[in-house]
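As structure tokens, the structure follows; a few thoughts come after it.
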Amino acid sequence: MNRLSDWPVWSLVVLVVMLGCGSQQPAGLMADNARVRSLIAGSDKTVGYVSFTNYSTDAVTLIGAHSDDIRTIEFHETTQIDGMMRMRRLTSMEIAADQSLLLQPGGKHLMLFGVKTLSATVSIEFTTATGLIIPVMFEVVDFRLPS
């Protein structure tokens, strides 16, 4: 039985399936509270923070980040060694299954170098070890305000 009236429903189902298959974001990975500090006058460097939560059963490893308005984005971590605060570059950051990764002041964070321009928001795309792209929109906040 072929009912023409069912065609719009099936078209919608096919479209949803196709869009879901084309999605670059891993299922169950959520970004929250994404923010970039505004630039200090005369500087082209700033910092970014975000909270990722991985609701899936597989770990997700972030291996890079990119934005058209920023020359270089690096993963960094601030740690205390022998009473001194040190910042070191990280090559990747893992978000374990059913866990969160918090990028925050005094811990893991994003360093943004060669910032060309910042408006109210900035889009940053994260690359995973499996080649997926995760776009996250960051709000630009005043550097003088607490993070």
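Every number here is computed from the coordinates shown, using simple stated rules; none is lab data. Note that the coordinates shown come from a computational prediction; the quantities given were computed from them, not determined experimentally. All Cβ positions, even for glycine, are placed from backbone atoms using ideal geometry, and neighbour counts span all protein chains on display.
Every residue in region 70-116 that is aromatic (Phe, Trp, Tyr) and without any contact (Cβ under 8 Å) to a residue 24 or more places away in the chain, please.
none
Do we have Ile81 as out of contact with any Pro (no Cβ under 8 Å at 6 or more places or on another chain), surrounded by fewer than 14 Cβ atoms within 10 Å (Cβ to Cβ) and closer than 23 Å to Val122 by Cα here? Before you say what the answer is, go through the steps one by one.
On the way: out of contact with any Pro (no Cβ under 8 Å at 6 or more places or on another chain): yes; surrounded by fewer than 14 Cβ atoms within 10 Å (Cβ to Cβ): yes; closer than 23 Å to Val122 by Cα: no.
No: the conditions fail for Ile81.
When you look at Leu102, is it closer than 22 Å to Asp142 by Cα and either outside any strand (DSSP E or B) or among the polar types (S, T, N, Q) (or both), yes or no?
Numbers: closer than 22 Å to Asp142 by Cα: yes; either outside any strand (DSSP E or B) or among the polar types (S, T, N, Q) (or both): no.
Considered against the rule, which asks whether it is closer than 22 Å to Asp142 by Cα and either outside any strand (DSSP E or B) or among the polar types (S, T, N, Q) (or both), Leu102 comes out as no.
Can you tell me which residue within region 84-122, out of those that are of a type in the set (Lys, Arg) and surrounded by fewer than 11 Cβ atoms within 10 Å (Cβ to Cβ), is nearest to Leu132 (Cα to Cα)?
Step by step, filter region 84-122, then rank; the result is Arg89.
Might you check whether a residue that is part of a loop (DSSP other than H, G, I, E, B) and of a type in the set (Lys, Arg) occurs anywhere in region 106-126?
yes
Pull up region 35-60, narrow it to residues that are polar (S, T, N, Q), part of a strand (DSSP E or B) and closer than 22 Å to Thr72 by Cα, then point me to the one that is farthest from the chain's Cα centre (by Cα). Even if it seems obvious, please write down each step before you answer.
At the first step, the residues of region 35-60 found to be polar (S, T, N, Q) are 38, 43, 46, 51, 53-54, 56-57.
Right, trim to part of a strand (DSSP E or B) and you get 46, 51, 53-54.
Remaining after also requiring closer than 22 Å to Thr72 by Cα: 46, 51.
Numbers: Thr46: 16, Ser51: 8 Å.
Ranking the candidates gives Thr46 first.
Just the residues that are of a type in the set (Val, Ile, Thr), touching an Asp or Glu at 6+ places or on another chain (Cβ under 8 Å) and farther than 21 Å from Arg88 by Cβ, please, taken from region 37-54.
Within region 37-54, the subset of a type in the set (Val, Ile, Thr) is 40, 46-47, 50, 53.
Pick out the ones that are also touching an Asp or Glu at 6+ places or on another chain (Cβ under 8 Å) and you get 50, 53.
Of everything in region 37-54, just one residue is of a type in the set (Val, Ile, Thr), touching an Asp or Glu at 6+ places or on another chain (Cβ under 8 Å) and farther than 21 Å from Arg88 by Cβ, namely Thr53.
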